[in-house]
Amino acid sequence: MVPFLFIINSYFVGSIAFSIVIAKLFKGIDIRNHGSGNAGATNTLRVLGLGPAILVLVLDLLKGMACVLVAGFFFDLPWLPIMCGLAAIIGHNWPIWFKFKGGKGIATAIGVLTTIAFIPALIAGIIAILSIVITRYVSLGSLIFTFLTPIFILSLQFNWPNFIGTLIICIFAFIRHRTNIVKLMNGTENKIGSKKGA
């Protein structure tokens with residue numbers, strides 16, 4: 001019963017949408033009504049600029065890390081940290097505090113994945129960053145990161161809970177990026193560094 005409460009609490013923590021909070025504090029706006037409409041760091045960069053975007057990225061990443069670390073600290077249950085991490089990502093994507101309209105969960109996923117499987121996530125992250133540098137498509141890098149991490153877990157640091165959990169995270173990422181995938185295929189996806197509100 002108590003581990004289940006940790007999962008529920010992780011959902012509530014994940015539901016703290018820092019892009020929405022910071023946009024309201026900095027500009028008095030709802031970030032979901034501007035730019036791409038996504039409640040995440042990339043759209044914060046477009047609408048508010050670099051400083052707020054970095055703050056959103058770090059806070060979203062830390063909330064994913066915190067949920068995993070707290071679960072691992074209190075319980076010796078291999079499946080609980082990844083379940084709490086998944087709950088945090090679900091909260092970010094569908095936040096109870098903001099009418100279930102959140103972001104795409106990538107920054108929170110980075111926090112979760114680097115905490116449960118640092119080396120696989122690091123390798124996947126380096127490849128993803130290189131793809132962003134080359135193409136300037138953040139969405140493509142996000143998809144590459146979530147796609148490669150379970151593959152590297154399978155080959156480098158395998159255990160069933162983390163492998164299954166990261167597969168679910170990958171599925172979430174592709175579902176949340178489905179419109180980006182269409183734009184990537186059509187060559188109409190926004191590139192990082194495009195004008196605010198583009």
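The values are calculated or read from the model by the stated rules, or taken from the named source; none is laboratory data. Quick caveat: nothing in here was measured; it's all calculated off a predicted structure. With ideal geometry, Cβ positions are generated from the backbone for all residues, glycine too; neighbour counts draw on all protein chains shown. For accessibility, only protein heavy atoms count, side chains too; no ligands or nucleic acids. Shrake-Rupley method; radii C 1.70, N 1.55, O 1.52, S 1.80 Å.
Normalised by the number of residues in region 1-153, the mean separation of alpha-carbon contacts (under 8 Å, six or more apart) gives a relative contact order of 25 percent. Once you've got the GNM for the chain with C-alpha springs shorter than 10 Å, pick whichever of Ile90, Ile29, Ile134 has the biggest mean-square fluctuation. In this elastic network of the chain, the residue with the biggest mean-square fluctuation among Ile90, Ile29, Ile134 is Ile134.
Note on the chain: GNM, Cα springs under 10 Å; of Arg32, Arg136, Arg178, the largest mean-square fluctuation is that of Arg178. Go ahead and run the numbers for FRET between Thr135 and Val21, Cβ-Cβ distance against an R0 of 35 Å, rounding to 0.05. Step by step, r from the Cβ atoms, then E = 0.70.
Cα centroid separation, region 64-107 to region 145-179: 15 Å. Cα gyration tensor of region 56-157, axes a ≥ b ≥ c as square roots of the eigenvalues: rounded (a/c below 1.5), prolate (a/b > b/c) or oblate? Oblate is the answer for region 56-157, as a/c is 1.5 or above yet b/c matches or exceeds a/b.
A full extension of the chain between Ile126 and Phe174 corresponds to an added length of 15.3 nm, given 0.36 nm per residue minus the alpha carbon distance.
In degrees from 0 to 90, rounded to the nearest 10, what is the angle of the helix 138-156 Cα long axis to the longest principal axis of the chain? Helix 138-156 sits at roughly 20 degrees to that axis. Taking square-rooted eigenvalues a ≥ b ≥ c of the alpha carbon gyration tensor, is the chain rounded, prolate or oblate, where a/c under 1.5 means rounded and, failing that, a/b exceeding b/c means prolate? Since a/c reaches 1.5 but b/c is at least a/b, the shape of the chain is classed as oblate.
Label-to-label distance for Leu184 and Leu77 is 3.5 nm, based on points extended 7 Å past Cα in the beta-carbon direction.
When all protein chains stay in place and ligands, DNA and RNA are ignored, the 1.4 Å accessible-area order of Lys99, Lys63, Lys183, largest first, is Lys99, Lys183, Lys63.
From the Cα trace of region 1-112, what convex hull volume per residue do you get, rounded to a whole Å³? Considering the Cα atoms of region 1-112, their hull volume per residue is 80 Å³. Highest GNM mean-square fluctuation among Ser139, Ser19, Ser131, for the chain modelled with Cα contacts below 10 Å: Ser131.
Pairs of lysine residues in the chain that meet both criteria, 8 or more places apart or on different chains and Cα atoms under 16 Å apart, total 6.
To the nearest 10, the accessible area of Cys67 is 10 Å² with a 1.4 Å probe. Helix-only arithmetic for the chain: the sum of -39500 (n - 2.57) across DSSP H runs with n ≥ 4, divided by the residue total, places the mean residue ellipticity at 222 nm at -23500 deg cm²/dmol. Taking the 1.4 Å solvent-accessible surface of the chain as the whole, the part contributed by carbon and sulfur is 74%.
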